[in-house]
Amino acid sequence: MGSLPMSPVDERGQIRSYLLGGLDEAGQEQVEMRLLFDAGYGERVSAAQNELVDEYVFGTLSAAEREQFEQNFLSTPERLRQLRIARALETYADRN
């Protein structure tokens with residue numbers, strides 16, 4: 001028997017937890033398998049990454065999420081680059 005499809009809200013929460021390092025091993029595996037085979041899911045994960053970066057830059061993450069973001073999300077050079085770009089864009093927008 002297969003599992004029921006997730007609601008968009010549940011899926012968003014799972015993606016967010018994955019990106020912040022809050023899923024157990026089985027949950028991580030589930031997300032990673034979907035990333036391999038579902039391009040639309042990959043796009044939603046990418047959008048969630050951008051959203052998290054924006055929330056971090058604008059200071060709207062909770063204290064716990066901010067800590068998870070710093071410890072888990074910023075673990076790759078690509079994500080650090082994404083953060084630098086977002087900060088530069090915020091600075092530019094503030095000046096103009």
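The values are calculated or read from the model by the stated rules, or taken from the named source; none is laboratory data. What you are looking at is a predicted structure, and each value in this text was computed from that prediction instead of being measured. Using ideal geometry, Cβ is built from the backbone for each residue, glycine included, and neighbour counts are taken over all protein chains shown. Surface areas here come from the heavy atoms of the whole protein model, side chains and all, with no ligands, DNA or RNA. Shrake-Rupley method; radii C 1.70, N 1.55, O 1.52, S 1.80 Å.
Considering 53, 9, the condition of being in a helix (DSSP H, G or I) and either at pLDDT 95 or above or within 11 Å of the chain's Cα centre (by Cα) (or both) is satisfied by 53 alone.
Residues of region 34-45 being of a type outside the set (Asp, Glu), more than 18 Å from residue 68 (Cα to Cα) and open to solvent by less than 100 Å² (accessible area, probe 1.4 Å), which ones? 34, 35, 39, 40, 41, 42, 44 - these are the residues of region 34-45 that are of a type outside the set (Asp, Glu), more than 18 Å from residue 68 (Cα to Cα) and open to solvent by less than 100 Å² (accessible area, probe 1.4 Å). Here residue 86 meets the list (1) open to solvent by less than 60 Å² (accessible area, probe 1.4 Å); (2) within 16 Å of residue 20 (Cβ to Cβ); (3) not polar (S, T, N, Q) almost entirely, failing just condition (2).
Kindly check whether there is at least one residue in region 11-30 that is surrounded by 14 or more Cβ atoms within 10 Å (Cβ to Cβ) and of a type in the set (Asp, Glu). Checked region 11-30: at least one residue is surrounded by 14 or more Cβ atoms within 10 Å (Cβ to Cβ) and of a type in the set (Asp, Glu).
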